[in-house]
Amino acid sequence: MADEDFTVIIGLEVHCQLDTASKLFCGCSADFRADAPNTHVCPVCLGLPGAMPVLNKKAIEYALKVAKALNCRIPEEGEFCRKNYFYPDLVKAYQITMGDNPLALGGYIEIEDDAGNPKVVNLTRIHVEEDPGRLVHMGNKERGHYTLVDYNRSGIPLIEMVTEPELSSPKEARRLLNKLRATLEYLDVFDPEKEGSIRVDANISIKGHERVEIKNISSYKGVEKALTFEITRQKNLIRRGGTISRETRHFQEGKGTTTSARSKEVANDYRYFPEPDLPVIRVSDWVEKIALPELPDARRDRFMSQYGIAVNHARTLTGDLHLAEFYELAAPVGAQITASWVADILIGELNYRDMPLSKVTSHADQFKELVILVRDKTITDKAGVDVLRVWLDSLHENGSPESPAAIVARLGLIREAGESFRGIVEKILAKNPQAIADHKAGKKGALNFIVGQVMKETKGKSDPREIHAMIAEILGE
Amino acid sequence: MTDIYNAYINTAEVKGSGSGILSGVRVSIKDNISTKDIETTCASKILKGYIPPYDAHVITRLKAEGAIIAGKTNMDEFGMGSTTENSAFGPTLNPRDVTRVPGGSSGGSAAAVAGGLVSMALGSDTGGSVRCPAAWCGVVGLKPSYGRVSRFGLIAYANSFEQIGPMTTNVRDAAKLFSVIAGHDPKDSTSVNKPYDGNVVPEISGKTIGIPKEYFGEGVDAGVSGEVRKAIGKLEELGANIVDVSLPSMKYALPAYYVTCTCEASSNLGRFDGVRFGPEPEMNLPWHDAYTKVREAGFGGEVRRRILLGTFALSAGYYGKYYVKAQHAKQLIAKDFAAALQTCDMLAGPTMPNIAPKIGELTADPLQMYQADILTVPVNIAGIPAISVPCGTAHKMPVGLQLMGRMFGEETILNAALAYEEAV
């Protein structure tokens, strides 16, 4: 079975909370995360008898922005309907969502495939719906288990975006989500920093086999992990001659595995019908008025033309709204060097510290100062990285960082001319005859070890290019 | 005053802080209209103990005009019935003959008015629930145009049909109470901005009244139709032009109504699960089983029947056969009414095909009970307003004349009703 076709087919349903001030059908504040349970509630979002939904127009406006940005077709009318099922977090025993008449149809998102080629992923539809409340499971084996319900989340507006089954790998799925997140952020309709603000259901199948739905994955990383696990599971099952059954599975975030949902949980007939308490929305009347800001792809192209930076830098820098804004703030000190320092160095150092960019953006001037130190060759690249690390650490720890210039002065990192290190170079060469022999025997990169030793000894104050030249001169080359 | 007709589920005396045209007037409220701090049960065990933390829009309006909320009236559970026998609190008796039902589902409100306990009450009309008990108890009942009165706070049975309406001893009071509750409410997205100024005047001369032949067809009691024809004769005497019309789609009215209202009800009533209000579920059961127990014990037979019918009609494979067809029928019926009301200022016919039945007579056979709504549901399906005015008696029981108006044409039918009332 060596040439068995294991083509992977993935489709996503992405739910994002729209960052409106109030909930979808009532005036309760949507900014509930810092507050006690059940404090952002009213008769409407508690589903009290007799309470009626009133549409928050902002949510529709936000969703139409997304629809327009994702090149969707906007029908004349959108219609809310009820999705009926029982669950303790669902106050009315139905969710107000959209069925046959969503806000937008079609549309597409451009990403890169795993080979780096552009790929268009088509969308099926976009609609708006209300979030249910949240269950908090408490207790333990000894004292008994119980569950508390928090309705603060009940009625938060969600936008659901459904892709066609056109993704071919977990990495593609991840890239699609990143692109989607960036787009929503550019549109200023979504705050990815808020806990639980994105949830994904993924449909995945191996070509020719049944598809499996993985429900409620709540992080970008989780989507990639869940899909990777599922592909392995399905392939193994097929290889062993088993059959994939059409089912719903839950992703266990902690373990990185998926488990089959009990059939009782999924055997729902949602009995959709139009919501009689809400009039249909004349979507087409609204959409004309919606203006879009510059979107990630346009900004990427502008960065390339305006700043003359490489496509991979431009793509990285525009893949996150705040990063793009930060770059443009710092770019005047040198577009290319800044691009490289932000995209190649800063992001990695932030990720390593699990530090948000926002901490740096409020000290952009100091970051610029660092780039200038490197640009003007006051310090070497190597020293620059060291200074950045010290600077980020101090920023991370106490919020008021030591300025890069002060760090350079304190640690004595000012670049010195190569000549002053001749003694050190000679000493290290003498200690490492093998490296010299390797180099003479034509082994590429053999001298890098020597240069690295010199850099270390000089605390990064030496310029590696100068050291290379000096070694060559000493070795009579 | 003792409640000898079992008109009330809860009596109360809550005075609004405002003052206005209802200052000091006691108004009884059907128990499916939310009243802040007063238990509101919909005559169901499942809502026993539920005290709303907010007032329905109509209650806010009543209080602003100085009314006194004088108790919550009995009804068929969640509005499901035409006799006020389907109540967890026992049947309400008809003050005109206590061996008979008052009609429903707003039977408590009708009995409170007919029995002289109050002069005004609010009912709600989903398929005739204001007009049926008004006719059978001999009071005035108005079903407003859909959207004219806010439903905010009305515990929904069938959202797309129902309206809150006044039930009073006379037409002037109906107009007065209607003027208080009509008008736009931003909390009900289906509400429209059509206030009513309350200036009711006897006016019928020169109006064209259509008599739909379907309103005098098979199943209409001869005594009842005789009284109604006499009343129509009176209107003619007063200067109205009487013309014959037909509403051919009326044969679809009952099925379209019962499909739609059971579908909506099955969804509306899902929330009664014991989690946030109503009887506490058994905490040691899995949630699914606890829900089932609460709902089994909490809902009465007719409510369970309608939930099951609606759940069935909405299920996969049946939605198209039932719900979608019912919506199609709804459009045909509305079209028929619109066509008839293009040439006529209003339509007239009996409110109910029979007089009030004896207690227990209709509950044995739900289909027969559903049949009793044949002359009232078409109006709810079309969304138009209709008023039931007492017009004599048949078999010693009151008969109701039903006047059906154009969309938002309450003024016309109120004026006509007043002209009739003053002439007899």
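The values are calculated or read from the model by the stated rules, or taken from the named source; none is laboratory data. All values derive from a computational prediction rather than experimental measurement. Note that we place each Cβ from the backbone using ideal geometry, even for glycine, and neighbour counts take in every protein chain shown. These area figures cover heavy atoms from the full protein model, side chains too; ligands, DNA and RNA do not enter into them. Shrake-Rupley method; radii C 1.70, N 1.55, O 1.52, S 1.80 Å.
For segment B:262-284, give me each residue that is more than 7 Å from chain A (Cβ to nearest Cβ) and outside any helix (DSSP H, G or I).
The answer is B:PHE272, B:GLY274, B:PHE277, B:GLY278, B:PRO279, B:GLU280, B:PRO281, B:GLU282, B:MET283, B:ASN284.
Residue under question is A:SER219, and the condition is that it be under 14 Å from the mean Cα position of the chain (by Cα) and open to solvent by less than 10 Å² (accessible area, probe 1.4 Å); does it hold?
Criteria not met by A:SER219.
Of the numbered conditions (1) within 19 Å of B:VAL139 (Cβ to Cβ); (2) within 14 Å of chain A (Cβ to nearest Cβ); (3) not in a strand (DSSP E or B), B:ARG172 fails exactly one; give the number of that condition.
The failed condition is (2).
For segment A:261-283, how many residues are modelled with pLDDT of 85 or more and more than 14 Å from chain B (Cβ to nearest Cβ)?
1
Return yes or no: is B:ALA182 within 14 Å of chain A (Cβ to nearest Cβ), open to solvent by 10 Å² or more (accessible area, probe 1.4 Å) and touching a helix residue (DSSP H, G or I) at 6+ places or on another chain (Cβ under 8 Å)?
No; evaluated as a whole, the condition is false for this residue.
Got a sec? Which of B:ALA394, B:ALA372 is at pLDDT below 95 and among the aliphatic types (A, V, I, L, M)?
Exactly one residue qualifies, and that residue is B:ALA372.
One line per residue, one yes/no per condition, for (1) part of a loop (DSSP other than H, G, I, E, B); (2) surrounded by 16 or more Cβ atoms within 10 Å (Cβ to Cβ); (3) among the β-branched types (Val, Ile, Thr); (4) touching a helix residue (DSSP H, G or I) at 6+ places or on another chain (Cβ under 7 Å):
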| position | (1), (2), (3), (4) |
| --- | --- |
| A:LEU395 | no, yes, no, yes |
| A:SER400 | yes, no, no, no |
| A:ILE407 | no, yes, yes, yes |
| A:SER420 | no, no, no, no |
| A:LYS427 | no, no, no, no |
| A:GLY460 | yes, yes, no, yes |
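Tell me the residue from B:LEU375, B:LEU362 that is touching a strand residue (DSSP E or B) at 6+ places or on another chain (Cβ under 8 Å) and open to solvent by less than 60 Å² (accessible area, probe 1.4 Å), please.
B:LEU375 is the lone residue from the list that is touching a strand residue (DSSP E or B) at 6+ places or on another chain (Cβ under 8 Å) and open to solvent by less than 60 Å² (accessible area, probe 1.4 Å).
Sort through A:LEU184, A:LEU180, A:LEU176, A:LEU158 and tell me the only one that's open to solvent by less than 50 Å² (accessible area, probe 1.4 Å) and either within 14 Å of another protein chain (Cβ to nearest Cβ) or part of a strand (DSSP E or B) (or both).
Result: A:LEU158 is the single residue among A:LEU184, A:LEU180, A:LEU176, A:LEU158 that is open to solvent by less than 50 Å² (accessible area, probe 1.4 Å) and either within 14 Å of another protein chain (Cβ to nearest Cβ) or part of a strand (DSSP E or B) (or both).
Return the total of residues in segment A:409-418 being open to solvent by 50 Å² or more (accessible area, probe 1.4 Å) and of a type outside the set (Asp, Glu).
Residues meeting the conditions: 6.
If a residue must be within 14 Å of another protein chain (Cβ to nearest Cβ) and in a helix (DSSP H, G or I), how many such residues does segment A:60-82 contain?
Number of matching residues: 1.
Mind listing whichever residues of segment B:28-59 are of a type in the set (A, V, I, L, M, F, W, C) and out of contact with any Pro (no Cβ under 9 Å at 6 or more places or on another chain)?
Hits for segment B:28-59 are B:ILE29, B:ILE33, B:ALA43, B:ILE51, B:ALA56, B:VAL58, B:ILE59.
For B:ALA253, are the conditions met, namely being among the hydrophobic types (A, V, I, L, M, F, W, C) and either away from chain A (no Cβ under 14 Å) or touching a Pro at 6+ places or on another chain (Cβ under 9 Å) (or both)?
In short, yes.
Could you tell me whether B:ASP345 is surrounded by fewer than 22 Cβ atoms within 10 Å (Cβ to Cβ) and more than 13 Å from chain A (Cβ to nearest Cβ)?
Yes, satisfied.
In segment B:4-16, how many residues are more than 22 Å from the chain's Cα centre (by Cα) and more than 21 Å from B:ILE51 (Cα to Cα)?
Looking only at that region, the number is 1.
Select from segment A:26-54 the residues that are surrounded by fewer than 19 Cβ atoms within 10 Å (Cβ to Cβ) and within 14 Å of chain B (Cβ to nearest Cβ) and list them in ascending order.
A:GLY27, A:PRO37, A:ASN38, A:CYS42
Only one of (1) open to solvent by 60 Å² or more (accessible area, probe 1.4 Å); (2) in a helix (DSSP H, G or I); (3) within 11 Å of chain A (Cβ to nearest Cβ) fails for B:ARG295. Which number is that?
(1)
Specify which of the listed residues (B:SER19, B:SER87) is more than 14 Å from chain A (Cβ to nearest Cβ) and within 17 Å of the chain's Cα centre (by Cα).
Only one candidate qualifies: B:SER87.
So in segment B:299-316, with the set limited to residues that are at the interface with another protein chain (Cβ under 10 Å from one of its Cβ atoms) and surrounded by fewer than 22 Cβ atoms within 10 Å (Cβ to Cβ), which one is nearest to B:GLY270 (Cα to Cα)?
Going through the qualifying residues, I end up with B:THR311.
Please go through segment A:305-317 and give me each residue that is surrounded by fewer than 17 Cβ atoms within 10 Å (Cβ to Cβ) and either farther than 21 Å from A:ILE345 by Cβ or more than 20 Å from the chain's Cα centre (by Cα) (or both), ordered by number.
Correct list: A:SER305, A:GLN306, A:GLY308, A:ALA310.
I'd like the residue in segment B:122-169 that is among the aromatic types (Phe, Trp, Tyr) and within 14 Å of chain A (Cβ to nearest Cβ) and, out of all such residues, is surrounded by the fewest Cβ atoms within 10 Å (Cβ to Cβ).
The selected residue is B:TYR146.
Considering only residues of segment A:341-363 that are part of a helix (DSSP H, G or I) and touching a His at 6+ places or on another chain (Cβ under 9 Å), which is surrounded by the most Cβ atoms within 10 Å (Cβ to Cβ)?
A:VAL342
Within segment A:139-155, take every residue that is in a strand (DSSP E or B) and open to solvent by less than 70 Å² (accessible area, probe 1.4 Å) and give me the one that is farthest from A:ASP35 (Cα to Cα).
Per the criteria, the residue is A:GLY144.
Give just the number: which of (1) out of contact with any Ser or Thr (no Cβ under 6 Å at 6 or more places or on another chain); (2) more than 22 Å from A:ALA182 (Cα to Cα) does A:GLY133 not satisfy?
Of everything listed in (1) out of contact with any Ser or Thr (no Cβ under 6 Å at 6 or more places or on another chain); (2) more than 22 Å from A:ALA182 (Cα to Cα), A:GLY133 misses just condition (1).
From the residues in segment A:83-106 that are outside any loop (DSSP other than H, G, I, E, B) and open to solvent by 20 Å² or more (accessible area, probe 1.4 Å), which one is nearest to A:THR147 (Cα to Cα)?
Among those that are outside any loop (DSSP other than H, G, I, E, B) and open to solvent by 20 Å² or more (accessible area, probe 1.4 Å), it is A:LYS83.
Can you report the number of residues in segment A:375-393 which are under 26 Å from the mean Cα position of the chain (by Cα), farther than 12 Å from A:TRP341 by Cα and buried (at least 18 other Cβ atoms within 10 Å of the Cβ)?
2
Would you check if there is a residue in segment B:190-212 being of a type in the set (Gly, Ala, Ser) and open to solvent by 60 Å² or more (accessible area, probe 1.4 Å)?
Within segment B:190-212, one or more residues are of a type in the set (Gly, Ala, Ser) and open to solvent by 60 Å² or more (accessible area, probe 1.4 Å).
Looking for whichever is closer than 21 Å to B:LEU154 by Cα, out of contact with any Phe, Trp or Tyr (no Cβ under 6 Å at 6 or more places or on another chain), small (Gly, Ala, Ser) and modelled with pLDDT of 95 or more here; the options are B:GLY274, B:GLY298, B:GLY239. Which one fits?
B:GLY298
At least 1 residues that are open to solvent by less than 10 Å² (accessible area, probe 1.4 Å) in each: list the strands (runs of 3 or more DSSP E) lying fully within segment B:4-121 that qualify.
B:26-30, B:68-73
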